[in-house]
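So the structure is just underneath, and the comments pick up after that.
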Amino acid sequence: AQRVTQPEKLLSVFKGAPVELKCNYSYSGSPELFWYVQYSRQRLQLLLRHISRESIKGFTADLNKGETSFHLKKPFAQEEDSAMYYCALLVLNAGNMLTFGGGTRLMVKP
Amino acid sequence: DAGVIQSPRHEVTEMGQEVTLRCKPISGHDYLFWYRQTMMRGLELLIYFNNNVPIDDSGMPEDRFSAKMPNASFSTLKIQPSEPRDSAVYFCASSSQSAEAFFGQGTRLTVV
């Protein structure tokens, strides 16, 4: 069965510091991975997906199949990055079902 | 499109009462998902529909929970009877074959 693990429930950094939110997955098929973000009192929204290989709001994430990881990185954190971040794995043989990790709360301090 | 619309935004009810959460997916999306978010367990998939048909309800915690999708533009999640441990934020999401899921604002349920 598929599984997504985010080992850190809380990550606290100072503004301007680099950020790395960890995500590891286990899945027997070819993975499609996403990062979703939830700002305070707002809905979950897609931040980025690995197949598009884009940078959104300064964030990037590289799929490492050898390490089964999809860590989210940003070189210089901003206060407005404070939010809840969820890593998600798309299970294609079960429709478009997303399996989420437990989430990491990022707090960027001034 | 206004996105996925959920109602109510907040619901406070007494233990034992029936609770109905509502969702209007984005027009044209053929997948609809119900998720529950709690501090302890994070985001859990409860059930999902494809073309109005329930595909996987293995995440539904127990028989007190039921979900329906009578047409492509409406779904309900019902809890009867409700219990305090059902208190959570319930999200509805919809997607099409492009796979990106769009989420509603969520319904914060408090059972006292």
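The values are calculated or read from the model by the stated rules, or taken from the named source; none is laboratory data. Treat the numbers as computed from the prediction; the structure is a model and nothing was measured. Here the Cβ positions follow ideal geometry from the backbone for every residue, glycine too, while neighbour counts run over all protein chains shown. Note: areas computed on protein heavy atoms with side chains; ligands, DNA, RNA excluded. Shrake-Rupley method; radii C 1.70, N 1.55, O 1.52, S 1.80 Å.
Arrange the peptides A:69-81, B:82-94 so that the one whose residues have, on average, the most other Cβ atoms within 10 Å appears first.
Working: A:69-81: 17.0, B:82-94: 19.9.
In descending order of packing, they fall as B:82-94, A:69-81.
Using only atoms on other chains, find how many Cβ atoms lie within 10 Å of each Cβ of peptide B:51-61 and report the average.
Values: counts 0, 0, 0, 0, 3, 4, 0, 0, 1, 0, 0.
Partner-chain Cβ atoms within 10 Å, mean over residues of B:51-61: 1.
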### Query
What size of dipole, in debye to the nearest 20, comes out for region A:20-110 about its Cα centre when the only charges are +1 on Lys and Arg C-beta atoms and -1 on Asp and Glu C-beta atoms?
160
### In order through region B:27-41: 3J(HN,Hα) via Karplus (6.51 cos²θ - 1.76 cosθ + 1.60), integer Hz, x for Gly, Pro
4, x, 6, 10, 10, 9, 10, 10, 10, 10, 10, 10, 4, 6, 10
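Rounded to the nearest 100 Å², what's the accessible area chains B and A bury against each other, both chains counted, probe 1.4 Å?
Numbers: alone 6280 and 6350 Å², together 10940 Å².
Interface between B and A: roughly 1700 Å².
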### Message
Relative contact order for region B:29-72: what percent, with Cα pairs under 8 Å and sequence separation of 6 or more?
### Response
31
### Summary
Among beta bridges assigned by DSSP with both residues in region B:3-112, the antiparallel ones amount in percent, to the nearest 5, to 90
### Query
Quick one: Cα centre-to-centre distance for region A:28-61 and region B:24-93, in angstrom?
22
### Query
When the dipole is taken about the Cα centre of the protein assembly as shown, and only Lys, Arg (+1) and Asp, Glu (-1) are charged at their Cβ, what size is it in debye, to the nearest 20?
480
### Query
Can you give the relative contact order of chain B as a percent, counting alpha carbon pairs under 8 Å and 6+ residues apart?
37
